[in-house]
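The values are calculated or read from the model by the stated rules, or taken from the named source; none is laboratory data. Not measured: the values here are computed from a predicted model. Quick reminder, even Gly has a Cβ in these numbers, built from the backbone with ideal geometry, and neighbours come from all protein chains shown.
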Amino acid sequence: MKKVLEGSRAVAEAVKVCRPNVISAYPITPQTHIVENLSQMVADGDLKSEFINVESEFAAASVILGASVTGARTYSTTTSQGLLLMLEVLFNIAGLRLPVSITCANRSVSAPINIWNDHQDAMTIRDSGWIQLYAEDCQEAADMQIQAYKIGENPEISLPVMVNMDGFILTHAFEPVELIDPQMADKFLPTYKPNRYLTTKDPMTFGILAEPAYYMETRYRLVQAVDAAKLVIEEVANEFNQMFGRYSGGLVDKYRLEGAKTALVGMGSVVGTMREVVDELRDKGQNVGLLKVRAFRPFPKEAIFDALKDVDTIIVFEKALSLGWGGILLNEIKTVFYGKRKLPRLCGFLVGLGGRDIPNQSIIDAVKKAESETVEDQFVDLRTGLIGIGE
Amino acid sequence: MEKEESTMDKKVATKKKEPIVESQVAPGHRACAGCGELLAARLVMDAAGKNVIATCATGCLEVVSSAYPQSAWKMPWIHSLFENPAAVASGIEAALRALGREKEAFVIAQGGDGSTADIGIGCLSGMLERGHNILYVCYDNEAYMNTGVQRSGLTPFEASTSTAPSGEISWGKTTDKKPMPEIVAAHGIPYVATASVGYYADLQKKVKKALSIQGPKYIQIHCPCPLGWIHDPALTIKVAQIAVQTGLIPIFEMENGKITSVRKIIKKRPVEDYLKLQGRFRHLLKKTGGEDEIKRIQTIADHNIEKYHLM
């Protein structure tokens, strides 16, 4: 059944069919509509979850940690400052190998305070051991949520999964969304039954102290699990496609890359704009294609190489950077080609920081610029006059 | 006396393969000799019985008891972080309810004074305000012992710690203990109690009583730390008892915001009796002007006696 829904509502509906036992969250813009929708579902008896309203995001993450280790399926959602406040717990959740899931309504990070979209929040926690998926539209955000549990709860993986959707651009956008049938959801995602959890029937100690003789082995196992998730992410996407008729997961998504000499690369909602640009340039006879990176952690280096190995130029558009180094996605894609015979030219642009609008023309201009010179970390649509750089 | 000891030795020798007392906190952990905190934890868990799920803050208690591949905890137990034992316990309690397992176990959250009164007070306040059915136990050894005796919000007035030391122009900590029992009781929770490892029967009675009550409960247990307080490890119990007998550590119960019982002081002891046993107060006895400072500490004890009607 297709319905025109706000992105936040679409995600809440997807969470509902996943039947989380415990939800805990703290309100923060632009995540609020997701928690408000879920709260109402619980208040109306439509969703049988314990909804724990907490005093901070730090507590929200701690509550779902405690619930998950007791054997519950759990959900939370946050963004920006809230995600950073969760930071310590996020690393702990991954280390404890708990398959909790959260939606991050991606937003910039203060200062200056700004409630609009970019990817600096989620990118900052990329080394925490969480699986990170990025949605292009509301349908993907909803579909990825149910896939997130299926991936994380796989006993070989047992990892937390974060579904990223752009704040406001997706959370507050109304789009036609195909809702997931609850019975089919139950078939796709059976009840969570972990093989170890806190119970008096089989008492276990969790959160041990690992001295130097043991710590490296636990980290090795964690690294292995994150890497192994690549295969599972693909498997789950295929299984979802078989059951629901949509391929809305997986590691990467190729668009018009056949015979392309130039490939645009991006993550999240900006991919929609880039798709239009690719169509426009293709119509004009340019050999341009598009690669959408859906999974950023684990980083799908094999899939990216495979998709881009024949192009001459790669142009990355991204919404976060590692300060003092540069575009994160750009630099990670560079490493994909290290040691390979054919090295494409790599260009990188920063777009839409703090919610700056990204018109199609800005992408077109950037592509044109990249054709004549190799540029890195170029701020698109920078208002140079405002910061005293001659316009 | 000699005769008694030799009989005891014989008894132990013939029974040495069996533990003397079956405890929920196993021997063999790495706590220091005379550790008041481990003793308190054992008393709490043994009073609580087998049906318990426990959380534990980062700190001495966690470090000495859970180094892989060993664990001293016989119940299902989790350590997550320093500041979140109350929030993790909230999640456990919510999950038990959601999964229809609420009768399976009592949920007990454990933290030291630093975790409880300082870094984790937000999570504790949230847990209390939400009304979770959890017993929170604060093991109060009056400083950050695991990291080397730094000052906490529950360090007493003019104790010398490694971050608020006594010195040429300092008497140690400039403020007294944060009134945690009152702060906690102000949340309107049904049961708050203070206890001391010096009075173990009272402590265990309070744990049992707390667990019989639905809703959030809080017990704060005064636990001497021989290393941090600088006293003879053989004197842990004595130091704990004298603290109570001076009035510095009032022992009481508060039910629904009202004090319902206090441990009366039969023979009041001057605070010097307590201070002189511990190196952390030595500067008060050695330095010129220390007498006046001891008088100020006596005032705190006297104020407690009056406030809680200890005599």
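Here are the numbers for the structure shown:
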read-out: Qualifying residue in segment B:111-124 (condition: at the interface with chain A (Cβ under 7 Å from one of its Cβ atoms), under 19 Å from A:Gly207 (Cα atoms), touching a Ser or Thr at 6+ places or on another chain (Cβ under 6 Å) and in a helix (DSSP H, G or I)); value: no
read-out: Qualifying residue in segment A:343-358 (condition: of a type in the set (Val, Ile, Thr) and touching a Leu at 6+ places or on another chain (Cβ under 9 Å)); value: no
read-out: Total residues in segment B:212-259, condition under 24 Å from B:Ala86 (Cβ atoms) and among the hydroxyl-bearing types (Ser, Thr, Tyr); value: 2
read-out: Whichever residue in segment B:227-241 is among the β-branched types (Val, Ile, Thr) and crowded, with 22+ Cβ neighbours inside 10 Å and, among such residues, is nearest to B:Thr155 (Cα to Cα); value: B:Val239
read-out: Breaking point among (1) farther than 18 Å from B:Ala47 by Cβ; (2) assigned to a helix (DSSP H, G or I); (3) under 14 Å from the mean Cα position of the chain (by Cα), for B:Glu129; value: (3)
read-out: Any hit, segment A:129-137, residues being at pLDDT 95 or above, surrounded by fewer than 21 Cβ atoms within 10 Å (Cβ to Cβ) and over 20 Å from A:Ala229 (Cα atoms); value: no
read-out: Verdict on A:Gly285 being assigned to a loop (DSSP other than H, G, I, E, B), free of Cβ contacts under 8 Å to residues at least 24 places away in the same chain and small (Gly, Ala, Ser); value: yes
read-out: Any hit, segment B:264-272, residues being among the acidic types (Asp, Glu) and in contact (Cβ under 8 Å) with a residue 40 or more places away in the chain; value: no
read-out: Residue ID - nearest to B:Ala98 (Cα to Cα), chosen from residues in segment A:174-218 that are within 23 Å of the chain's Cα centre (by Cα) and charged (D, E, K, R); value: A:Glu178
read-out: Only one of B:Ser125, B:Ser196, B:Ser115 that is closer than 20 Å to B:Asn304 by Cα, among the small types (Gly, Ala, Ser) and at pLDDT 95 or above; value: B:Ser196
read-out: Index of the failed condition, B:Ser125 passing every other in (1) free of Cβ contacts under 8 Å to residues at least 60 places away in the same chain; (2) hydroxyl-bearing (Ser, Thr, Tyr); (3) surrounded by fewer than 24 Cβ atoms within 10 Å (Cβ to Cβ); value: (1)
read-out: Residue list for segment B:39-74, restricted to those being small (Gly, Ala, Ser) and closer than 25 Å to B:Thr147 by Cβ; value: B:Ala40, B:Ala41, B:Ala54, B:Ala57, B:Gly59, B:Ser65, B:Ser66, B:Ala67, B:Ser71, B:Ala72
read-out: Given (1) under 19 Å from B:Ala240 (Cβ atoms); (2) surrounded by fewer than 23 Cβ atoms within 10 Å (Cβ to Cβ); (3) touching a Cys at 6+ places or on another chain (Cβ under 7 Å), number of the condition B:Asn146 does not satisfy; value: (1)
read-out: Helices (runs of 4 or more DSSP H) (entirely within segment A:6-77) containing at least 3 residues that are among the hydrophobic types (A, V, I, L, M, F, W, C) and more than 14 Å from chain B (Cβ to nearest Cβ); value: A:7-18, A:32-43
read-out: Subset of segment B:264-295 [in a helix (DSSP H, G or I), under 17 Å from B:Asp232 (Cα atoms) and of a type outside the set (Lys, Arg)]; value: B:Glu272, B:Asp273, B:Tyr274, B:Leu275, B:Gly279, B:Phe281
read-out: Residue in segment A:40-47 that is in contact (Cβ under 8 Å) with a residue 12 or more places away in the chain and polar (S, T, N, Q) present; value: no
read-out: Within segment A:250-270, tally of residues that are under 18 Å from A:Leu346 (Cα atoms) and β-branched (Val, Ile, Thr); value: 2
read-out: Qualifying position, being farther than 30 Å from A:Phe317 by Cα and not polar (S, T, N, Q), among A:Ile93, A:Ile102, A:Ile113; value: A:Ile93
read-out: Exclusive hit being touching a helix residue (DSSP H, G or I) at 6+ places or on another chain (Cβ under 7 Å) and small (Gly, Ala, Ser), set B:Ala87, B:Ala98; value: B:Ala87
read-out: Residue within segment A:163-172 that is in contact with a Leu (Cβ under 9 Å, 6 or more places away or on another chain), crowded, with 24+ Cβ neighbours inside 10 Å and either not small (Gly, Ala, Ser) or not in a helix (DSSP H, G or I) (or both) present; value: yes
read-out: Residue in segment B:57-106 that is farthest from A:Ala67 (Cα to Cα), counting only those that are facing chain A (nearest Cβ under 9 Å) and part of a strand (DSSP E or B); value: B:Ala67
read-out: Condition met for A:Asp181 (among the acidic types (Asp, Glu) and away from chain B (no Cβ under 14 Å)); value: yes
read-out: Residues that are within 7 Å of chain B (Cβ to nearest Cβ), among the β-branched types (Val, Ile, Thr) and either over 24 Å from B:Val52 (Cβ atoms) or not in a loop (DSSP other than H, G, I, E, B) (or both), drawn from segment A:197-221; value: A:Thr205
read-out: Complete set of residues in segment B:42-56 that are surrounded by 24 or more Cβ atoms within 10 Å (Cβ to Cβ), within 14 Å of another protein chain (Cβ to nearest Cβ) and in a helix (DSSP H, G or I); value: B:Met45
read-out: Any hit, segment A:69-79, residues being closer than 16 Å to A:Tyr192 by Cα, touching a residue at least 60 places away in the same chain (Cβ under 8 Å) and within 22 Å of the chain's Cα centre (by Cα); value: yes
read-out: Scope segment A:245-279; condition in a helix (DSSP H, G or I) and in contact with a helix residue (DSSP H, G or I) (Cβ under 7 Å, 6 or more places away or on another chain); matching residues; value: A:Thr273, A:Met274, A:Glu276, A:Val277
read-out: Set B:Lys268, B:Lys276: member being of a type in the set (Lys, Arg) and either touching a strand residue (DSSP E or B) at 6+ places or on another chain (Cβ under 6 Å) or over 22 Å from B:Gly34 (Cα atoms) (or both); value: B:Lys268
read-out: Number of positions in segment A:78-119 that are of a type in the set (Asp, Glu) and more than 14 Å from chain B (Cβ to nearest Cβ); value: 1
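Conditions (1) closer than 26 Å to B:Arg151 by Cβ; (2) β-branched (Val, Ile, Thr); (3) outside any loop (DSSP other than H, G, I, E, B), marked per residue:
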{"site": "B:Pro181", "(1), (2), (3)": "yes, no, yes"}
{"site": "B:Val192", "(1), (2), (3)": "yes, yes, yes"}
{"site": "B:Ala195", "(1), (2), (3)": "yes, no, yes"}
{"site": "B:Asp202", "(1), (2), (3)": "no, no, yes"}
{"site": "B:Val207", "(1), (2), (3)": "no, yes, yes"}
{"site": "B:Gly215", "(1), (2), (3)": "no, no, no"}
{"site": "B:Ile221", "(1), (2), (3)": "yes, yes, yes"}
{"site": "B:His231", "(1), (2), (3)": "yes, no, no"}
{"site": "B:Ala240", "(1), (2), (3)": "yes, no, yes"}
